[in-house]
Amino acid sequence: MKSKRRRVNNYNDDAQGEAILPPEMFCEVLARLPVESILRFRSVCKSWCRMIQSPYFISLQLGVTKNKPCRFIVQSQREVDMSSLYLVDIEDLKAREIQLEKIKCRTRLKFKLPALGVRCFCDGFLCMASEKRLDPVCICNPITKESVILPLSRSKAHLVRHKLAFGFDQSSGKYKVIRDYRTSSNKHLSKFQIITLGESSWRQLNPPQNLCTSDWDAAVFWNGSLHWIIDDKTIDEPILAFDLSSETFYTIPFHRLCLSHECYELQVLGASLTIVEHNGHMIKIWEVAGNKVKGFSANFREEHDTYVCWNKYFFYKTISQLSHKSFMLQVCITDNKNVKKDWFTRFVPEKAQYFHQDIHGLPEHFNTAHFKPSFVSPNALLSVQSQLPVLKSS
């Protein structure tokens, strides 16, 4: 207890009210408040601001965040309206705008953060980049309004695809970013690179050659590895995975039906990596089990009738499982002028009911990323990371 007091006893020198509680208990209470409240409390006095910025409080708040429901970051998919992010609280049906131009970035590069899109996420950080250029790649914490630029590739190649994945290597205590890209001179072959935050340059990776010409959706981080589902129904092991610790690729088997109207997505629902199968009005969920030593398998978990005839003009993505009885969906509709509109809805299979989530201020057409708000500075990721208070990802 004395050690804890020594960590925080220098935060109450100019605030009279907090003497009512012991400093460590005061931190415990403050860490459990919504992130919006903590941000406001930074302005109460200098001692509160110092406490919230201390490594002790940051670590404490991260531990609390791990057990809270995941929130969402939303960004418009229209280039003319990408200047802001929106932090969405599904429970309270609120969205807080975060203007990208107010996020600090120490760089001499001539670029504007609003020109970049959110490509991937991990814990309380967003990875932002352009779809058409390798540089810059930016790691951003929208809560602290700080960002850092990763080392440049110096390539001026025009890209036809640029996808990134972001995860935490628990064995080394470091974050790593992987990207795959295709240039206009070689449109059908992907190249892979990796960088550990704190390194000075990107390194080349060698994925299975038979998969380099395939297509896949965004990566999902689970159990220390990044996972992609390959969009090729003739492949017997369609899940490509990358172990961040050993930096090796491996594949996971899953038998898919070869039907034209069938589609799949990878999601972490609860604490499990799942394959969500969309087949007409039915939704089926498969759970990945096993390990690299004994092998993986995809086991059928549940099936539900959505009671809606979905199609390419009216479709949805599974965003999260709110409980064993309901799911959060992002529904998209496209009109005859190819104008798209998105919204959130809660689906309760047992009651065959949909509940529209009326959240004001969101863009018309948007991307959604899971988000765990934290107060860790991105600048700390580039220093000695073994000392970082990191949030262990499931």
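The values are calculated or read from the model by the stated rules, or taken from the named source; none is laboratory data. As the structure is a prediction and not an experimental result, all values here were calculated from the model. Cβ sites come from the backbone with ideal geometry, for glycine too, and all protein chains shown count toward neighbours. All accessible areas refer to the heavy atoms of the entire protein, side chains included, with ligands and DNA or RNA removed. Shrake-Rupley method; radii C 1.70, N 1.55, O 1.52, S 1.80 Å.
Name every residue in region 310-351 that is under 17 Å from residue 285 (Cβ atoms) and among the aliphatic types (A, V, I, L, M), in order of residue number. Residues satisfying the conditions are 319, 322, 328, 329, 348.
For region 227-244, the count of residues that are touching a helix residue (DSSP H, G or I) at 6+ places or on another chain (Cβ under 9 Å) and of a type in the set (Asp, Glu) is at least one.
Looking across region 57-77, the residues that are open to solvent by 30 Å² or more (accessible area, probe 1.4 Å) and either part of a helix (DSSP H, G or I) or in contact with a strand residue (DSSP E or B) (Cβ under 9 Å, 6 or more places away or on another chain) (or both) come down to 59, 60, 63, 66, 69, 70, 71, 77.
From the list 174, 156, 163, the one residue that fits, being at negative phi and at pLDDT below 90, is 156. Candidates in region 145-165 are the residues that are among the hydrophobic types (A, V, I, L, M, F, W, C) and assigned to a loop (DSSP other than H, G, I, E, B); of these, the one that is most open to solvent (accessible area, probe 1.4 Å) is 152. Among the residues here, residue 72 does not qualify as under 16 Å from the mean Cα position of the chain (by Cα) and closer than 17 Å to residue 177 by Cβ. Being within 29 Å of residue 151 (Cα to Cα), open to solvent by less than 30 Å² (accessible area, probe 1.4 Å) and touching a His at 6+ places or on another chain (Cβ under 6 Å) holds for only one residue in 241, 219, and it is 241. Within region 325-345, the only residue that satisfies the criterion of being in contact (Cβ under 8 Å) with a residue 12 or more places away in the chain, farther than 20 Å from residue 85 by Cα and open to solvent by 80 Å² or more (accessible area, probe 1.4 Å) is 325.
Of the residues making up region 335-346, not a single one is farther than 25 Å from residue 74 by Cα and touching a His at 6+ places or on another chain (Cβ under 6 Å). Confirm whether residue 187 is free of Cβ contacts under 8 Å to residues at least 24 places away in the same chain and surrounded by fewer than 22 Cβ atoms within 10 Å (Cβ to Cβ). When the stated conditions are applied, residue 187 does not pass them.
Under 18 Å from residue 278 (Cβ atoms) and open to solvent by less than 40 Å² (accessible area, probe 1.4 Å) - does that describe any residue in region 192-214? For region 192-214, residues under 18 Å from residue 278 (Cβ atoms) and open to solvent by less than 40 Å² (accessible area, probe 1.4 Å): absent.
Is there a residue being touching a residue at least 40 places away in the same chain (Cβ under 8 Å), open to solvent by less than 30 Å² (accessible area, probe 1.4 Å) and not in a strand (DSSP E or B) anywhere in region 302-322? Yes.
No other residue among 235, 229 is buried (at least 17 other Cβ atoms within 10 Å of the Cβ) and part of a loop (DSSP other than H, G, I, E, B) apart from 235.
Remark: pairs (first residue in region 352-369, assigned to a loop (DSSP other than H, G, I, E, B); second residue open to solvent by 80 Å² or more (accessible area, probe 1.4 Å) and of a type in the set (Asp, Glu); Cβ separation under 8 Å; 6+ apart in sequence or on different chains) = 361/97.
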